[in-house]
Number of protein chains: 4
Amino acid sequence: MKETIIIEKEKVELRKPILIEGFPGLGVVGKIATDFLIRQMKAKKLAEMYSPHFPYYVLVSKKGSIRLLRTDFYYWKNETEGNDLIFLTGDTQAQTVEGQYEIADHILRFAEKKGVKLIITIGGYRREVEDKPQVVAAATDPETLSKALEVGAINSPLGNPIVGTAGLILGLAKFKKINALCLLGETLGYLPDLKAAKSVLKVLLKIVKLEVDLSELDKEIDKSEQLIARMQRIEEQRMVSAQRRREAAEGGRVTYIG
Amino acid sequence: MKETIIIEKEKVELRKPILIEGFPGLGVVGKIATDFLIRQMKAKKLAEMYSPHFPYYVLVSKKGSIRLLRTDFYYWKNETEGNDLIFLTGDTQAQTVEGQYEIADHILRFAEKKGVKLIITIGGYRREVEDKPQVVAAATDPETLSKALEVGAINSPLGNPIVGTAGLILGLAKFKKINALCLLGETLGYLPDLKAAKSVLKVLLKIVKLEVDLSELDKEIDKSEQLIARMQRIEEQRMVSAQRRREAAEGGRVTYIG
Amino acid sequence: MKETIIIEKEKVELRKPILIEGFPGLGVVGKIATDFLIRQMKAKKLAEMYSPHFPYYVLVSKKGSIRLLRTDFYYWKNETEGNDLIFLTGDTQAQTVEGQYEIADHILRFAEKKGVKLIITIGGYRREVEDKPQVVAAATDPETLSKALEVGAINSPLGNPIVGTAGLILGLAKFKKINALCLLGETLGYLPDLKAAKSVLKVLLKIVKLEVDLSELDKEIDKSEQLIARMQRIEEQRMVSAQRRREAAEGGRVTYIG
Amino acid sequence: MKETIIIEKEKVELRKPILIEGFPGLGVVGKIATDFLIRQMKAKKLAEMYSPHFPYYVLVSKKGSIRLLRTDFYYWKNETEGNDLIFLTGDTQAQTVEGQYEIADHILRFAEKKGVKLIITIGGYRREVEDKPQVVAAATDPETLSKALEVGAINSPLGNPIVGTAGLILGLAKFKKINALCLLGETLGYLPDLKAAKSVLKVLLKIVKLEVDLSELDKEIDKSEQLIARMQRIEEQRMVSAQRRREAAEGGRVTYIG
């Protein structure tokens, strides 16, 4: 494989599709949000993208079968008059500067071919979170941006860099005359951040005018908070023990020197 | 040399060949196992592969002659009704992400051209070894995997990454409709691990339904164990001496301070 | 985007244009000087250059709009008989060796197409600055160099390396038979160095025989010096406090040990 | 510049030329030896090679002129029946794996075009030097190797890696049916090693059956040895002073603690 390739799995006509992209990145916010929608809305596989710019390992998937790292396009048919959706999620991002540009380019060409009208990319925004994570928005144009600001997102600070595919897609979308919007959930980014993903989803669903039950995500948030609390207790105990050992050792050493 | 090239050394018709690949990697398991079979079965040189993605040094080989880093294909003609074998071994792996994909691609195209029916790649699996190393297997498909499981290999954990050529060949094999199997010998991976290679060979030989005398490998295992034991004794003595020097020095210093 | 591209924003005939380049680099001297001229002379956008060799992030610009990293060409029409000017400034430099050569090449081809007669690149020269920063010059040829030496620049030491686009443009200009001159302002390079930029501008304006009011730059220099002085006072206080804390702690420790 | 290019400076017919290559590397042995021959034999410029794989800076050369990093081919016409010589020296080596292969390839294609019969590459061999540096040899074939062994070079250890252009040229020469020889002067490699270069030159001159006065090189060796001796005295004094300061400080501290 010398080139990035997209293999279509199903030929399907999509009506005014909106593409929603969430790759692994800061706090895994984009991937968590997109994967959740795919599962919850029972979206179907549309295409797979493979690239020599992805890391050079493979994954063992179910039943011991091996697969290349890839990114997946899914689609969801809207049974009302609204927009169909395309979801884009994946294992990884490209490993080199040039690879990042190439991947974003392939996504945009695929979007263009499918008649995509709007692209929404999702990511994390590193910042101390007060109360609950806000959603920071930026877009290819003010009109697209206003769709996010009207439903609760806040404006991105001037000069803020948006790293990776979530940003490059917007930068390159202008050349294709496709409008694109980036939604970034505030997160410290050290751990997979389900709360940040939820904040983004609430804004996103208002923009695409759809209702999706987020209660499953709430359950996962509860579970992950219990897990983190447990890890913190273990860490605290570890530090207390270490401190006691240190004091004991220092006490001993003083005696010895004196 | 701008491109990876494969130079065929002998034109030979092979019957339903199985390709066995073992490149340097974790614990050198793959290369040790493959090189052993090549020597023991007196396989003959089939082709050489050179690539600008290999490291940029050359090796001095016998009689002071210099050669590029390369990978070698060998073949072995089966005198019964069974499969012929192709072996693939080499000095090195590709140095870049894109190079890794390209090398795996060239191997697969060569395999396709030679009518290869099954590819078996060999590598190491980093894990504390209890008693004797187990063989972890993964494959392009459940049917191919079952060939390994039936003769003693165990299933790879879900999500396990397989790094480098041994993995990428499997990932890319699907595009060529070639079945492929990966056998990973459990190893700590710090030293060349002949025992892990032996475990893999026992499973592999059952799969390809061949008998090869492994007693030569047992001798090498004995030698390497004696060597490691000697190195450990030297290391222990070195640490004891260092500890005594430290105590002497601290004793002196205490006197000096006091 | 697989290739570096230059998108022209306005079709304009330029008379004997001189191209002035200042990218981010040591002490940000080149970018500060070029951006100042663009603002002060009210230069107009001529073209934008995008490249997959630039870093893979985008910037949020005014009103929440996103844009790719890029470099911008501006032009200024000279209302007298003198040369028109083209300015080249940008967000960044290329990220790889090969990218650096490619970017410099694209700039030169664009310059050639626009009939550029002379290129002046601006950068910083790392050196302890005595009194006020001198301007170090080097050129494609002695005649071009003399234009800088005659108006106060000094000769670059033999063997001095000039890193990045400011240097490569000169190296590659010879192949296009374009004369080019590099002006480097002496700077320690740790902070954006407005004084070094001003020194360069004074030399540059004499070479291109233009007068531009630098008093705005003087105001910015005053502001930046006040800022640095304030930062230094804060740093000194911080160090004094730290020293006191250390002494207090050591005092305590001595008592404790004794 | 997207490709490596070789620009011929003079059209000249060469008789059975031998190419001698010495790039910067371990102990700068290759470059010192080759540059010395070019100066001493008054060789003339034949061609220049430029490449986007060289580092992205330029050098200020005499009279403040700037030039790209490059490698230079020189030629020397033999007034007797013997071989003409081509010398290849340069500022640098390629910066990437793929670049290294490409550069070596371009050199070989140029050598082929010029009818080169033998290539001799020069480098350093990292090893503790006893008495005077020996010359380690390796070659494309035993016959070529014997030319070096017969005049005092010693055989390279089996498996020894030869890194960079000096090695790759030999590895790739086989594909062009050109014989090539590598001469490596023993050196610790920390400083430019003129003695190692002299050892190589003595062997090389016997192989090409030429006499060149090496007394100029002896003078440079004397100068460099004086320089190194002076640096060592300075370093020793510095260490003695540091030791005294440390003792004084510790003495003071002991008093203070006590």
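None of the figures in this text is laboratory data; all of them are computed from the coordinates on show. In this text the structure is predicted, and so the values were computed from the model without any measurement. Don't worry about glycine lacking a Cβ; one is built from the backbone with ideal geometry, like all the others, and counts go over all protein chains shown.
Taking +1 at the Cβ of each Lys and Arg and -1 at the Cβ of each Asp and Glu, which of A:Q134, A:V212, A:S61 sits farthest along the dipole of chain A towards its positive end, judged by Cα position relative to the Cα centre?
The residue sitting farthest along the positive end of the dipole is A:S61.
Label segment B:5-212 by shape, choosing from rounded, prolate and oblate, from the square roots a ≥ b ≥ c of the eigenvalues of the Cα gyration tensor; if a/c is under 1.5 it is rounded, and otherwise prolate applies when a/b is larger than b/c, oblate when it is not.
Taking the square roots of the gyration eigenvalues as a ≥ b ≥ c, segment B:5-212 is rounded.
For C:K31, give me every one of the aspartates and glutamates with a C-alpha distance below 17 angstrom, ignoring sequence neighbours fewer than eight places off in its own chain.
Straight-line reach from C:K31, under 17 Å: C:E21, C:E48, C:D72, C:D91, C:E186, C:D193, C:E216, C:D218, C:E220.
State, to one decimal in nm and shortest first, how far the label point of C:R230 sits from each corresponding label point in the other identical copies (label point: 7 angstrom along Cα-to-Cβ).
Sorted ascending, the copy-to-copy spacings read 5.0, 5.1, 7.1 nm.
D:K2 versus D:V212, label points 7 Å from Cα toward the beta carbon: distance in nm?
3.9
Given charges of +1 on the Cβ of Lys and Arg and -1 on the Cβ of Asp and Glu, with all other atoms neutral, how large is the dipole of the protein assembly as shown about its Cα centre, in debye to the nearest 20?
Its charge dipole is roughly 400 debye.
Looking at chain A, do any whole DSSP H helices span at least 18 angstrom along their long axis by alpha carbon and average 0.0 or above on Kyte-Doolittle, and which?
A:194-207
Only helical DSSP H runs with n ≥ 4 go in: add -39500 (n - 2.57) per run for chain C, normalise by residue count and round the 222 nm mean residue ellipticity to 500 deg cm²/dmol.
Calculated from helices alone, the mean residue ellipticity at 222 nm is -13500 deg cm²/dmol.
Quick one: of A:K202/C:K63; A:K176/B:K177; A:K9/A:K147; D:K114/D:K195; C:K198/D:K62; A:K77/A:K198, which pairs are farther than 26 Å apart, Cα to Cα?
A:K176/B:K177; A:K9/A:K147; D:K114/D:K195; C:K198/D:K62
What do you get for GluC sites (Glu not before Pro) in segment B:41-86 restricted to DSSP loop and a cutoff of at most 14 other Cβ within 10 Å of the site's Cβ?
Here the GluC sites (Glu not before Pro) that fit, given the DSSP loop and packing criteria, are B:E79, B:E81.
I'd like the mean, over residues of C:153-165, of how many other protein chain beta carbons sit within 10 Å of each residue's own Cβ.
4
Binning every alpha carbon pair distance of the protein assembly as shown at 20 Å from zero, what are the percents per bin?
Pairs per bin, as whole percents: 10, 29, 39, 20, 1.
Kindly give the distances from C:G82 to its copy-mates, label point to label point, with each label point 7 Å from Cα along Cα→Cβ, as nm values to one decimal ordered shortest first.
6.2, 6.2, 8.8
Kindly give the distances from D:G115 to its copy-mates, label point to label point, with each label point 7 Å from Cα along Cα→Cβ, as nm values to one decimal ordered shortest first.
4.9, 4.9, 6.9
Ignore the peptide's own chain and count Cβ atoms of other chains within 10 Å of each Cβ in B:67-73; give me the average, rounded.
For this peptide, the per-residue mean of nearby foreign Cβ atoms is 3.
Among the GluC sites (Glu not before Pro) in segment B:112-173, which ones are in a DSSP loop with at most 16 other Cβ atoms within 10 Å of the Cβ? Mind listing them?
Passing both the DSSP loop test and the Cβ count: B:E128, B:E130, B:E150.
Please give the FRET efficiency for D:L205 paired with C:K177, using the beta carbon to beta carbon distance and R0 = 41 Å, rounded to the nearest 0.05.
0.50
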